[in-house]
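**Student:** Okay, handing you the structure first.
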Amino acid sequence: MSNVEVSDSTFQQEVERLHQLTVWGRWVVVGVLWLTVGTLSLWGLRYPISLILDHFTWAAVRYGLAFHRLAATGLAICLGSTLGVLIWQSRNILMGLPQREKKRLEQQVCRIRQQGPSHPLWKYICQR
């Protein structure tokens, strides 16, 4: 990867498109998690949730999570992945991309360019 290639405005736009695609991909994964694991977990917790809606106590919350561990674990995975993506994206917005991440994206764009149209991301990254 030469310095001319890195300073090229088209190259930087391609890096930005790859970053945007990465962000969208992470949110799609989180959405799919919520639609599958999250839905099943909430369904598994439907009785404790009905108890909590009738009379909210911390004991009811503890009961719901302690005695329905599989559903609680699924909910924790969904919440954890959502918070992880939110924190990652907030850090990138507030402080910018870390150098290591920029370098990784630039290398990925170079690999996509080298492989050409046979790469699955070619039409989204390079062909505009």
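The values are calculated or read from the model by the stated rules, or taken from the named source; none is laboratory data. As the structure is a computational prediction, the values presented were derived from the model and not from experiment. For neighbour counting, all protein chains shown are included, and Cβ atoms are generated from backbone atoms with ideal geometry for every residue, glycine included.
**Student:** Return only the number of the condition from (1) surrounded by 14 or more Cβ atoms within 10 Å (Cβ to Cβ); (2) over 27 Å from residue 17 (Cα atoms); (3) free of Cβ contacts under 8 Å to residues at least 40 places away in the same chain that residue 119 does not satisfy.
**Tutor:** Result: residue 119 passes all but (2).
**Student:** Those residues that are under 15 Å from residue 25 (Cβ atoms) and not β-branched (Val, Ile, Thr), I need them from region 87-126; list them, please.
**Tutor:** 88, 89, 92, 101, 104, 105, 108, 120, 121, 124
**Student:** Here is a check on your reading of the model: is residue 26 among the charged types (D, E, K, R), assigned to a helix (DSSP H, G or I) and either at pLDDT 95 or above or surrounded by 12 or more Cβ atoms within 10 Å (Cβ to Cβ) (or both)?
**Tutor:** For residue 26, the condition - among the charged types (D, E, K, R), assigned to a helix (DSSP H, G or I) and either at pLDDT 95 or above or surrounded by 12 or more Cβ atoms within 10 Å (Cβ to Cβ) (or both) - is met.
**Student:** Within region 74-90, how many residues are surrounded by fewer than 13 Cβ atoms within 10 Å (Cβ to Cβ) and either of a type in the set (Val, Ile, Thr) or over 23 Å from residue 35 (Cα atoms) (or both)?
**Tutor:** Residues that pass the stated criteria total 2.
**Student:** On to the next question. Which pairs turn up if I take residues in region 64-86 that are closer than 14 Å to residue 31 by Cβ and among the polar types (S, T, N, Q) and look for partners that are assigned to a helix (DSSP H, G or I) and modelled with pLDDT of 95 or more with beta carbon separation below 6 Å, at least 6 apart in sequence or on another chain?
**Tutor:** Final answer for the pair search is 81/30; 81/33; 82/30.
**Student:** Between a first residue in region 91-115 that is on the phi > 0 side of the Ramachandran plot and at pLDDT 95 or above and a second residue that is part of a helix (DSSP H, G or I) and surrounded by 14 or more Cβ atoms within 10 Å (Cβ to Cβ), which pairs have beta carbons less than 7 Å apart while being 6 or more apart in sequence or on different chains?
**Tutor:** none
**Student:** Looking at region 29-41, can you tell me whether even one residue there is within 16 Å of residue 89 (Cβ to Cβ), within 20 Å of the chain's Cα centre (by Cα) and without any contact (Cβ under 8 Å) to a residue 12 or more places away in the chain?
**Tutor:** The answer is yes, given that some residue of region 29-41 is within 16 Å of residue 89 (Cβ to Cβ), within 20 Å of the chain's Cα centre (by Cα) and without any contact (Cβ under 8 Å) to a residue 12 or more places away in the chain.
**Student:** How many residues does region 97-128 hold that are under 14 Å from residue 14 (Cα atoms) and in a helix (DSSP H, G or I)?
**Tutor:** 18
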